[in-house]
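The values are calculated or read from the model by the stated rules, or taken from the named source; none is laboratory data. Being a predicted model, the structure only gives us computed values, none of them experimental. Note that each Cβ is placed from the backbone with ideal geometry, even for glycine, and that neighbours are counted across all protein chains shown. Keep in mind that these areas ignore ligands, DNA and RNA; they rest on the heavy atoms of the full protein, side chains included. Shrake-Rupley method; radii C 1.70, N 1.55, O 1.52, S 1.80 Å.
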Amino acid sequence: MANHPPTGDSRAPVSMEQDADPAVPKGLQVSRYFTKPNTHPYDDIEWVDRRSAIYSEKGETIFEVDNVRVPKEWSQLATDIMVSKYFRRAGVPETGSERGADKVIHRVAHTIRSEGERAGYFTSAKDAETFEMELTHLLVHQMGAFNSPVWFNCGLSHEYGIKGSGGNWYYDTTQDHAVETADSYAQPQNSACFIQSVDDDLMSIFDLSRNEARLFKYGSGTGTNFSALRGNMERLSSGGTSSGLMSFLEVLDRGAGATKSGGTTRRAAKMVILDMDHPEIESFINWKVREEEKVAALVAAGFPADFNGEAYKTVSGQNSNNSVRITDAFMEAHLKDGPWATSMRTTGETHKEYRARDLMGQIANAAWSCADPGVQFDSTINDWHTCSNTDRIHASNPCSEYMFLNDSACNLASLNLVKFLNEDGTYDVPAYEEAIRTFTIAMEIIVGFSSYPTQTICENSYAYRPLGLGYANLGSLLMVKGIPYESEAAYAMTGGLTAILTGKAYATSSELARVKGTFAGYERNREPM
């Protein structure tokens, strides 16, 4: 299974194949921990039929379905989320739509197992079967969960034969290069987090708009650093003046507002980032502040204050998280009350000089007023970058937990920390470690059979194989344990759980590299890794 290098990399492709060595296993071995042979995880669960409904603020029914099959131990909220967000509502043979959580979980777990077998991840069919049962147990007992696109898309083709439109890209290992899909569900878009680049070119900007729409369609989110775009005071090659960064951000914002994520009621997820030396930085910092003032005026004039109402529909900037990219140089200027210069994108000439503290004050005021922009500490992010020999980190996904190369993607999963707490108050570390290993293997398999909106993202995802495993319910765990959230005991427990997660995920990654080979971008980045 050989990889092409990332785009722009002149090195020869790095193979993931291992040299023939009888001491190296041909695949992963998976042992039973949560499950027993010849007993399906569903057999030990009490199932019930429930009604699921979601209501508007006015009490009107938005969504309603009767007699859906879920585990009795699930809460009504968990039921409503699964049914309204993740049940496939069209094209399912015989029933038309999915009618039970058991069907959804089987669709996901069995597809990942089948794709893992096809790609040679397991030593034997028995190991593959064990893996599926262990993953099924974790999912049905809410011990962990994948990001939304997995639930939206994974297995629709494999289990139900549902076909989707083409246009995405997947890495065909038989041809050893990226191939455009004819069916977007045969190679589903499974990653939630994307980082996309944009150039100072009209076609590049509108290509980004198209690619964002494709991501939103299948339930994913995207982030982009727009610092390459020239300001509204800069000249065009035709002799005119650019309409500027902010005008294009408003266009892209409207596009995101018109798109529902994965076809559900969840809004599209989008991150907009700008470097502190951009000539329109001041306008960007105060963008949402100005728009919120317009909303306040409209509400005062009698329009409803509802976020989905007419007042908010008339203003821009409501469909993205915004962040500024702050370097150590800017922070030093701020601390010393020194100057800070912005520069033209086309010529590099200084556009305007500020007091760094004035800009920081505007950032703080804007964050206080409307929660945006956030800050991303560019220097620290790149100091910690594991693949810095390929390129810098310029941007993040919408929630900023994924920071990596431009034109890359990451699939996510979270472990439910409360589920590993024993009745006597101790923590079940072995079970936690087993769950970490199972999800890491599952997500690694997902990377290979997924599709991506562009050829470049596909190639980079295949070459670098990013995945993000985290945890959820930390606050609940601390409350159940009676540990104050901001205390030394909380820091210690959080640090311990995070260290175990990191260590076990790294160990599993090493195990995968042993049987499948290192990722293609590894050798070039051995030192930063």
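Take the Cα of L236, step 7 Å toward its Cβ, do the same at A507, and the gap between the two points is 5.9 nm.
The orientation-averaged projection of the convex hull spanning the C-alpha atoms of the chain amounts to 28.5 square nanometres. Angle, helix 488-516 long axis vs. longest principal axis of the chain, Cα atoms, 0 to 90°, nearest 10? Rounded to the nearest ten degrees, it is 70. Round to the nearest 10 and give me the degree value, 0 to 90, for the angle of helix 455-464's Cα axis relative to the longest principal axis of the chain. It is inclined by approximately 60 degrees.
Out of all DSSP beta bridges in the range 274-387, what portion is antiparallel? Express it as a percent rounded to 5. For the range 274-387, the DSSP antiparallel bridge percentage is about 45. Just flag the chymotrypsin sites (Phe, Trp or Tyr not before Pro) in the range 222-316 sitting in loop per DSSP whose Cβ has no more than 12 other Cβ atoms within 10 Å. Passing sites in the range 222-316 are F307.
In plain terms, the chain from S56 to E250 could stretch by 67.0 nm, reckoned as 0.36 nm per residue minus the Cα-Cα distance. Just tell me the longest site-free run in the chain, where the sites are GluC sites (Glu not before Pro) in a DSSP loop having at most 16 other beta-carbon atoms within 10 Å. Maximal segment without exposed cleavage sites: 95-348. Taking all protein chains together, W151, W169 sort by accessible area into W169, W151, largest first [probe 1.4 Å].
Between helix 287-300 and the chain there is an angle of about 90 degrees, using the helix long axis and the longest principal axis of the Cα atoms. In terms of distances greater than 23 angstrom between alpha carbons, the cross-link table entries K163/K516; K36/K72; K26/K126; K217/K419; K163/K217; K58/K313 yield K163/K516; K217/K419. Loop-located trypsin sites (Lys or Arg not before Pro) in the range 487-529 (DSSP state not H, G, I, E or B) with no more than 16 neighbouring Cβ atoms inside 10 Å: R526.
Placing a label point 7 Å from the Cα of M529 along the Cα-to-Cβ line, the residues of the range 499-518 whose backbone N sits under 17 Å from it are 503-518. Each Lys and Arg contributes +1 and each Asp and Glu -1, all at the Cβ; summed about the Cα centre of the chain, the dipole is approximately 780 debye. Look at where the Cα atoms of the range 340-386 and of the range 158-203 average out, and the two centres are 34 Å apart.
Kirkwood analysis of the Cα pair distances in the range 312-363 returns a hydrodynamic radius of 13.0 Å. Rounded, prolate or oblate: which fits the range 340-383, taking a ≥ b ≥ c as square roots of the Cα gyration tensor eigenvalues, rounded meaning a/c under 1.5, else prolate when a/b beats b/c? It comes out oblate by the Cα gyration axes. Shown for the chain: the carbon plus sulfur share of the solvent-accessible area, taken with all protein chains present and a 1.4 angstrom probe, equals 51%. The figure for R88 is an accessible area of roughly 60 square angstrom, using a 1.4 Å probe on the protein chains alone.
Among the cysteines of the chain, those with no neighbouring cysteine Cβ under 4.7 Å are C154, C370, C387, C399, C458. Shape analysis of the range 77-180 places it in the oblate category; the axes a ≥ b ≥ c from the Cα gyration tensor give an a/c of at least 1.5, with a/b not above b/c. Amide H contacts for V92 (H built 1.01 Å from N in the peptide plane; partners 5 or more residues away or on another chain; cut-off under 5 Å): S97.
Entry comment: accessible area of the range 52-130 is 50 Å² per residue, from protein heavy atoms only and a probe of 1.4 Å.
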